[in-house]
Each structure stands twice: as structure tokens, then as C-alpha cells.
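Engineer: What follows is a single structure, and I will ask about it in a moment.
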There are 4 protein chains.
Amino acid sequence: MPRAVREQQMLDAAVRTFGQRGYMAASMDEIAELAGVSKPLVYLYLNSKEDLFTACIRREARALTEAVRAGARPELPADRQLWSGLTAFFTHTARHPDGWAVLHLQARTHGEVFAGEVAAMRAEIVAFVTQLILAAAREAHRDPDFPEREVSGLAEALVGAAESLADWANATSGVTARQSAATLMNFAWAGLGDLMAGRHWSPPEDGDAPGVQAGRTSPVR
Amino acid sequence: MPRAVREQQMLDAAVRTFGQRGYMAASMDEIAELAGVSKPLVYLYLNSKEDLFTACIRREARALTEAVRAGARPELPADRQLWSGLTAFFTHTARHPDGWAVLHLQARTHGEVFAGEVAAMRAEIVAFVTQLILAAAREAHRDPDFPEREVSGLAEALVGAAESLADWANATSGVTARQSAATLMNFAWAGLGDLMAGRHWSPPEDGDAPGVQAGRTSPVR
Amino acid sequence: MPRAVREQQMLDAAVRTFGQRGYMAASMDEIAELAGVSKPLVYLYLNSKEDLFTACIRREARALTEAVRAGARPELPADRQLWSGLTAFFTHTARHPDGWAVLHLQARTHGEVFAGEVAAMRAEIVAFVTQLILAAAREAHRDPDFPEREVSGLAEALVGAAESLADWANATSGVTARQSAATLMNFAWAGLGDLMAGRHWSPPEDGDAPGVQAGRTSPVR
Amino acid sequence: MPRAVREQQMLDAAVRTFGQRGYMAASMDEIAELAGVSKPLVYLYLNSKEDLFTACIRREARALTEAVRAGARPELPADRQLWSGLTAFFTHTARHPDGWAVLHLQARTHGEVFAGEVAAMRAEIVAFVTQLILAAAREAHRDPDFPEREVSGLAEALVGAAESLADWANATSGVTARQSAATLMNFAWAGLGDLMAGRHWSPPEDGDAPGVQAGRTSPVR
DNA sequence: AATGAATGAGGATTCATTCAT
DNA sequence: GATGAATGAATCCTCATTCAT
């Protein structure tokens with residue numbers, strides 16, 4: 001059996017095991033057995049548990065970003081692009097729950113190296129969403145000078161909301177990708193429109209900032 | 001040294017260690033050393049690693065919910081309540097990054113028992129936000145019959161977005177709690193207002209160009 | 001509460017715990033709790049787990065030998081003395097199963113020091129039984145020159161059989177002390193009579209010694 | 001080195017360690033070292049301390065029963081069979097003192113699971129002895145209707161006596177297997193003959209002087 | 001006379017990882 | 001290309017034992 005195939009089998013087994021057990025609780029024994037090979041072979045092909053996990057993260061990150069990009073076809077108007085990108089996102093995370101768990105739960109929980117891998121993928125998606133928001137503003141002939149940093153924050157929020165929804169959908173049975181996407185569009189799009197039109201929600205000048213909590217404090221670090 | 005004090009020291013050390021290393025990678029040795037006690041004492045007071053972790057979750061969950069409740073003062077209008085609740089939330093998660101990591105990253109990643117503990121806290125917060133949204137609708141004399149189930153979904157999305165933002169703010173330097181809260185209010189509040197007024201974003205039938213429509217159309221969910 | 005009383009309570013608890021859990025599995029914590037005192041007090045009165053166990057052995061050994069001696073009244077004929085001694089023995093072991101377990105199971109299983117304590121008690125009883133057998137021979141006007149070493153061997157066997165029966169009776173419900181004593185008298189007394197009368201069972205000259213087992217051998221040590 | 005061989009080495013080491021230190025006091029470290037392997041290998045092959053101990057019990061029980069069966073050749077008369085079986089028994093227990101300690105001392109002292117394993121072996125031997133006693137009765141043309149339950153009780157006593165003697169012989173230097181066997185035959189065989197002939201020892205009614213009586217009287221049991 | 005507080009030492013068990021073949 | 005055999009290094013947990021009060 002050619003090496004490339006064997007390697008994919010191992011990654012399949014690893015993603016499944018890491019996704020379900022968690023990085024630390026997953027044992028190389030279990031992964032090797034699930035892959036149907038002996039442990040030394042896993043080490044021969046993938047070096048170490050860390051490298052194996054990194055390989056999983058990379059493969060799954062690539063698969064996810066490609067799914068999203070493939071979903072959002074650039075010839076559509078911005079809102080439709082966002083809609084179909086989100087649908088692709090929720091579809092993919094629902095179809096590959098272990099991969100999603102690896103990316104969103106495990107990789108961020110077990111060391112900065114892994115978290116960095118995911119952060120790179122995430123940055124790519126945030127940038128993509130940022131472009132979509134700006135495009136939407138242009139299409140609606142709204143103020144094109146809206147500060148880009150603010151838009152990035154909104155994109156962050158939107159992506160974060162999508163991630164949360166994906167987790168929630170995976171944990172709840174009977175929620176389709178379209179439903180998740182619709183919920184998020186409903187929640188976010190009109191607000192974005194208002195924002196683009198210059199209608200902000202303004203925080204109170206002050207006095208409402210919650211006081212410093214008395215009692216135990218831990219330094220902000 | 002009296003038992004209660006020692007216990008808090010242990011919990012402090014445990015939250016910090018669990019938050020930084022992760023549940024599995026944290027060793028009882030390390031926790032005991034950080035707490036300045038011997039390992040047997042940790043076991044004497046807190047029984048097992050699982051129990052210790054559960055105790056951490058409970059303490060941090062309670063601290064967080066109390067911070068949020070204390071922030072949102074009920075005499076204010078709903079949007080201001082939400083604003084100050086969010087500010088309190090982001091302040092707390094920024095001040096207690098390890099506690100937040102325990103709640104949001106670790107507890108959800110290592111076993112259903114732990115996840116359940118956090119889910120209970122989360123449900124409480126979602127319910128609170130749901131009340132705020134309904135109150136806001138009433139204050140604005142909007143349709144008070146808006147289906148509560150839908151509102152809960154929106155509250156879920158809002159809480160999810162807040163959680164993501166908290167993670168992001170903790171990972172990014174220079175983001176204040178007020179900024180996070182403002183971003184989220186901007187992102188969500190206008191949209192919620194539109195939704196309350198019946199203006200949905202409708203998904204394309206399948207190939208249709210969507211747009212914001214006046215009047216109530218059949219929501220996807 | 002006077003020290004002597006407290007000490008007996010501790011020994012009660014210790015005998016019970018040692019008898020049921022075994023020497024090693026019994027924890028000083030459990031013993032102290034069962035005795036209703038704090039652990040340091042146990043150490044204050046009884047020094048160490050080893051000393052505590054030794055104290056248990058001594059107390060139970062003394063109680064058992066005294067019960068047997070009290071049962072066998074010297075004015076009776078030898079067989080009646082043996083009968084009543086055995087009855088007392090089985091009665092006592094049935095009434096104090098934990099004490100018996102300490103003496104017969106635990107003490108012999110956990111180190112030569114403890115085994116020695118029991119061996120002393122046992123030797124006393126074997127000597128007593130030896131006297132009874134010799135007295136019986138005299139009473140029946142049989143050969144008084146029967147070699148004493150041989151008689152000791154018989155006494156050993158009788159005591160050993162009694163011990164086995166006591167274990168078996170404690171493990172089996174519904175066996176009374178009288179029944180056990182009768183079984184043993186039946187089993188042994190007639191044979192002893194025959195022996196005393198010079199009727200031995202003679203082993204074959206040779207040729208029946210079982211061969212050296214082939215295969216795994218472990219040195220006799 | 002092939003697995004089967006290593007396993008036997010481990011069992012050898014384990015029997016020796018368990019036999020000398022006791023089940024609880026024996027450490028897996030010590031066993032592994034004595035076997036000349038690392039601890040993980042012991043766990044890989046034998047799973048746990050409990051399983052290892054059970055494996056020891058089974059191996060030693062089988063070895064002992066096979067030694068006894070091989071010793072007692074069925075073509076001989078019953079008394080000679082018993083004699084050679086006993087000789088084989090005492091020879092085996094003397095050659096494998098640790099194995100015997102495991103079976104007779106340790107297994108019965110540390111949990112019902114282990115005790116059960118030994119009980120099965122013991123039952124097999126008791127049944128074998130029962131057959132021999134019945135055969136002896138037949139050979140001597142004695143009452144073949146002697147109640148089998150009573151015979152089983154006698155077999156129990158005989159086996160118990162043999163076990164005690166084996167312990168005693170192992171603890172006392174200079175006692176040969178033939179001597180032990182002879183002592184036991186002398187002790188038991190004539191008495192059995194008398195019993196078979198209906199001569200019981202009757203317990204005093206209560207205060208009566210007892211004696212050996214001809215004819216069958218109601219046995220206590 | 002009695003105890004709450006505390007620990008050094010050790011034991012069972014698991015796991016990532018590597019040879020020799 | 002592939003594996004059976006093997007282990008160093010931790011990790012969780014327990015227990016006998018001791019102070020300071």
C-alpha cells in the first residue's frame with residue numbers, strides 16, 4: 001500500500017481520536033490500532049505525537065478554508081457570498097465534527113504552537129469576511145471611509161459568532177447548516193447595514209463602567 | 001493555617017495551572033507546589049483531580065455570573081443593562097484569564113461532567129440575556145408576542161459572540177473591555193432592533209437574490 | 001475516659017479492621033475512626049502500626065488460650081478434656097471471627113515477627129494436647145514409652161486439623177462448635193487409640209515415592 | 001526473547017515475591033526487577049497486579065493438583081493411593097514453598113476472588129480424597145451405604161490436616177515428606193477404619209463420661 | 001488528654017518512544 | 001516496508017507518621 005494512502009488513513013484515525021478523546025487523552029496506541037497499522041509505522045511516517053497533531057490541524061484547517069472559499073462564489077453580491085460561505089462553513093463543520101473539534105477545541109487548548117496553527121487559518125477567514133463587509137458597503141454606496149480597524153473587529157465578532165454556532169449546532173441534533181446560517185445572517189446583517197449607514201450604538205460617556213470588584217483579584221497577566 | 005484559607009490557595013493554584021496547561025497536562029504535583037503545600041494535602045482537602053477541577057469550575061462560574069449580574073443594574077434601560085453586563089463580562093474575563101480558560105476552553109474539552117457544569121452557568125446567562133432582549137422590545141413598544149424561542153436563539157448567538165470576543169481579547173493585547181462591549185453592541189443591537197421590528201434577512205429560495213425585506217416573512221427556523 | 005478503656009476500644013477496632021481488611025489493607029485512619037478517636041491518640045497509646053498489630057495478636061492469643069484452658073478441666077479423663085477443650089476452641093473462634101482471622105490468617109501472612117507471636121501461642125496449645133494424648137495412653141495402661149517426638153507430631157496434626165476446621169466452620173453457616181468438635185474427635189480419637197495400642201499404619205518399603213517432577217523446578221530454598 | 005518464556009519468568013518472580021512478602025507488600029517494582037524486566041512489560045503481559053496474582057494462583061494450583069494426581073496411581077489399593085498422594089503433596093509443597101504460600105496463605109487472605117480460585121482447587125482435591133475413602137470402605141467390605149455427606153466431612157478434615165502439616169513442615173527444618181505423610185496416615189487411617197466400621201466417638205450427653213462405643217450411635221452431625 | 005494540620009515516601013499504572021529484525 | 005519486544009519517565013493517589021497547640 002502506497003505511503004500517501006497509509007498516511008491519510010493514519011490522519012483519519014488521528015483526527016477521529018484527537019477529536020473525541022482530546023489531544024492528551026488520545027494514545028498513540030489507540031490511533032495506530034484505529035488506523036490498522038503498528039505503532040512504529042506511525043512514528044516512521046509522522047515522527048511524534050506533536051507532529052501528528054500538527055499534521056491533523058493543517059489538514060483540517062486546509063479542508064475547512066477550502067470548503068468556505070468554494071462555497072462563496074465571488075460573482076455574487078456580498079451578502080449572498082457571506083450567506084453561502086456561512087452555509088459551506090456550517091455544512092463542513094457538521095460533516096466533520098472531529099475535524100472541527102480538533103481545530104476549535106483541541107488545538108486551542110493544548111499549547112501555543114497548536115493554537116498558532118489555527119490562528120493562521122482563522123486570520124485568513126477573518127480577512128475574507130472583512131472584504132465581504134467592505135464590499136457590501138461599497139455595493140450599498142455607503143461611506144467607504146468607515147475605519148478598517150473597526151470593520152475587522154466586526155468581522156472577528158461575526159466569525160466568533162459563527163464558531164460558537166457551529167459548536168452549538170454540533171452539540172444539538174436537528175439543526176441544519178442553512179438554519180445556522182440564517183440565524184447568523186438575521187442576527188448580524190441588518191446590524192451591519194445600520195452600522196455602515198452610520199447608525200452606531202453609542203456607549204454612555206461614563207459612570208456606567210462597572211466598578212473594580214472587591215475581594216480576590218488575580219493580576220491581568 | 002485554617003483549612004478554608006488553604007483551600008482557596010489550592011483553588012487559585014489549580015485554576016491557574018489548569019487554565020495554562022490544560023486539564024490533563026496539569027499535574028497535581030505542579031498545583032501543589034504552586035499552592036505551596038504538599039500533594040497529600042491537596043488530596044485531603046479536594047479528593048481527586050476530577051473533584052479539584054470541578055471545584056475550580058464551580059468557583060469560577062459563580063464568580064463570573066456574579067460579576068455579570070452585579071454589572072447589569074436592573075434600574076437601567078435594557079440596552080444600557082446589556083452594555084454594562086457585557087462590560088462586566090469582558091472586564092472579568094480579562095482580569096481572570098485563567099478562570100476564563102478553565103470555563104470556556106478546558107471544561108468543555110475534557111468530559112461531559114465538566115461540560116455540564118459550564119452548561120448550567122451558560123444557561124443562566126442566556127436566560128438573563130433573553131430577558132434583556134424582551135425588555136428592550138417592550139420598551140420600544142415592539143411586538144411583545146415575538147416568539148420566545150426565537151429570542152432564545154438570538155440570546156444564544158449573542159452570548160456565543162461575546163465568548164468568542166472574550167477569547168480574542170485575551171489573546172490580543174490592547175483591547176479593553178469597553179471596546180469589546182462596544183463592538184458587540186454595535187454588531188448586535190441594531191440587528192436585534194431590526195429583527196424585533198420584523199425585518200428579517202431572508203435566505204435565497206435557491207438561487208434568488210436576497211435582501212432585507214419589510215414585513216414578516218417565514219423565517220428559516 | 002481512662003486510658004485502659006480507650007486502649008481496649010482501639011484494640012477492638014484494630015482487631016476488627018485487621019481481621020476483615022488484612023494487615024496491610026487496614027489503614028490507621030479507618031482504625032482510629034472505628035475506635036472513635038483521633039489518629040494521634042492511637043499513636044500515643046500504641047506507637048505504630050506494627051506495635052498495634054502485635055498488641056492485637058497478643059490480646060487475641062491470650063484470650064484464645066485462656067478460653068481453651070478454661071474449657072478443659074483437669075479433673076476429667078483425657079478424652080473428655082480434649083473434647084471440652086476443642087469445644088471451647090471452636091466456640092471461641094466462632095464468637096471472635098476477627099480475632100481468629102488475625103491470629104490464623106493475618107499474623108502468619110505478614111512477616112516473621114508476627115508469625116513468631118502466634119507460633120508461641122500455638123506451641124503452648126500443642127504441648128497441652130501432647131500431654132492429653134500421653135495421659136490418655138496412661139489411663140488406658142498402654143505403652144508409656146511411645147516416643148514423645150512422635151506424639152508431638154500427632155498433636156501438631158490434631159491442632160492443625162482443628163485450625164482448618166475452625167476456618168471452615170467460620171466460612172460455612174450453620175456449623176456449631178459441638179459439631180466441629182465431634183467431627184474432629186471422631187476423626188482422630190479412635191486412630192490415636194489404635195496408635196497407642198501399637199497398631200501403626202506402615203508405609204511401603206519404597207518404590208512408591210513419587211518421582212521428581214520433570215519441567216520447571218524451583219529450588220527448595 | 002519470546003513472549004511465552006518471558007511470561008513464565010514473570011510468574012516465577014511473582015510467585016516468589018508474593019509468597020515471601022505477601023500480596024499487598026509485594027511491589028510490582030520488585031517483581032519486575034526479580035524477573036529481570038521492566039515494569040511496563042509486566043503490565044503489558046499480565047495487565048495488573050490482580051491479574052498477575054490470579055495467574056500465579058492458577059499456575060500453582062494446577063501444578064499442585066497435577067502433582068497429587070500423578071502421585072496417586074489408580075491401580076494401587078486405596079490406602080496406598082492415599083499414601084502416595086499425600087507423599088506427592090508434601091513433596092510438592094516442600095519443593096515449592098512460595099507456591100504453597102501463595103495458595104494457602106496469600107490467596108485466602110486477600111479478597112474473595114482469589115479465595116474462590118483456591119477453593120475450586122481444594123474442592124477438586126477433597127473430591128478425590130472422598131473417592132479414596134469410599135474405595136477403602138469397599139475394599140474392606142464395610143458398609144457401602146455410609147452417608148456420603150459424612151465422608152465428605154472427613155475428607156475435609158483430612159485435607160485440612162494435610163494443609164496444616166504442610167505449613168508446619170515448611171516452617172520446621174528436617175521434616176521429610178514421607179514423615180509428614182506417615183504421621184498423617186497414622187493419625188487418620190486407623191480412625192477412618194474405625195469410623196467405617198461404625199465405631200464413633202460419642203460426645204457426652206452433658207456431663208456424661210464418653211467412650212468409644214461399638215455399634216452405630218447417632219452422630220452429632 | 002487530645003487533635004487539626006501537614007508531609008515524606010512509595011505504589012500501581014500509563015504512555016510516548018525506540019530497537020532489532 | 002513493517003513489527004514484536006521493550007522501557008524511561010511521569011502521573012495519580014494513599015498511607016504511616018508527626019507537630020504545634
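The values are calculated or read from the model by the stated rules, or taken from the named source; none is laboratory data. All of these numbers come straight from a predicted model, not from anything done at the bench. As a convention, Cβ positions derive from the backbone with ideal geometry for all residues, glycine included, and neighbour counts pool all protein chains shown.
Engineer: At pLDDT below 95, within 29 Å of C:THR183 (Cβ to Cβ) and under 12 Å from the mean Cα position of the chain (by Cα): does that describe C:LEU105?
Structural biologist: When the stated conditions are applied, C:LEU105 passes them.
Engineer: Taking region A:191-221, which residues are farther than 17 Å from A:GLU150 by Cα and modelled with pLDDT of 75 or more?
Structural biologist: Hit for region A:191-221 is A:PRO204, nothing else.
Engineer: Across region A:185-200, what is the total count of residues that are hydrophobic (A, V, I, L, M, F, W, C) and either in contact with a strand residue (DSSP E or B) (Cβ under 8 Å, 6 or more places away or on another chain) or within 7 Å of chain B (Cβ to nearest Cβ) (or both)?
Structural biologist: Of the residues in region A:185-200, 6 are hydrophobic (A, V, I, L, M, F, W, C) and either in contact with a strand residue (DSSP E or B) (Cβ under 8 Å, 6 or more places away or on another chain) or within 7 Å of chain B (Cβ to nearest Cβ) (or both).
Engineer: In the list D:VAL5, D:VAL42, D:VAL15, which residue meets the criterion of being β-branched (Val, Ile, Thr), farther than 22 Å from D:THR93 by Cβ and surrounded by 13 or more Cβ atoms within 10 Å (Cβ to Cβ)?
Structural biologist: D:VAL42
Engineer: Right, next: Please find, within region D:1-56, the residue that is farthest from the other protein chains (Cβ to nearest Cβ) out of those that are more than 10 Å from DNA strand F (Cβ to nearest atom) and of a type in the set (Val, Ile, Thr).
Structural biologist: Here the residue is D:THR54.
Engineer: Could you list, in sequence order, the residues of region B:118-171 that are closer than 24 Å to B:ALA88 by Cβ, more than 13 Å from chain A (Cβ to nearest Cβ) and more than 13 Å from the chain's Cα centre (by Cα)?
Structural biologist: Passing the criteria: B:THR130, B:GLN131, B:LEU132, B:LEU134, B:ALA135, B:ALA137, B:ARG138, B:GLU139, B:ALA140.
Engineer: Now for a different question. Can you name the residue in region B:57-72 that is more than 11 Å from chain A (Cβ to nearest Cβ) and β-branched (Val, Ile, Thr) and, of all such residues, is surrounded by the fewest Cβ atoms within 10 Å (Cβ to Cβ)?
Structural biologist: Selected residue: B:THR65.
Engineer: Does D:THR109 satisfy being farther than 17 Å from C:SER164 by Cβ and at the interface with another protein chain (Cβ under 10 Å from one of its Cβ atoms)?
Structural biologist: No.
Engineer: Can we say B:ALA67 is closer than 22 Å to B:THR93 by Cβ, in contact (Cβ under 8 Å) with a residue 24 or more places away in the chain and touching a Leu at 6+ places or on another chain (Cβ under 8 Å)?
Structural biologist: no
Engineer: Provide a single number: the residues in region B:150-167 that are surrounded by fewer than 19 Cβ atoms within 10 Å (Cβ to Cβ) and touching a helix residue (DSSP H, G or I) at 6+ places or on another chain (Cβ under 6 Å).
Structural biologist: The total comes to 1.
Engineer: Going through region B:80-97 one residue at a time, which ones are surrounded by fewer than 24 Cβ atoms within 10 Å (Cβ to Cβ) and more than 7 Å from chain A (Cβ to nearest Cβ)?
Structural biologist: Within region B:80-97, B:GLN81 is the sole residue that qualifies.
Engineer: Please give the helices (runs of 4 or more DSSP H) falling wholly within region D:1-118 in which 1 or more residues are within 16 Å of DNA strand E (Cβ to nearest atom) and more than 23 Å from C:HIS110 (Cα to Cα).
Structural biologist: D:3-21, D:39-46
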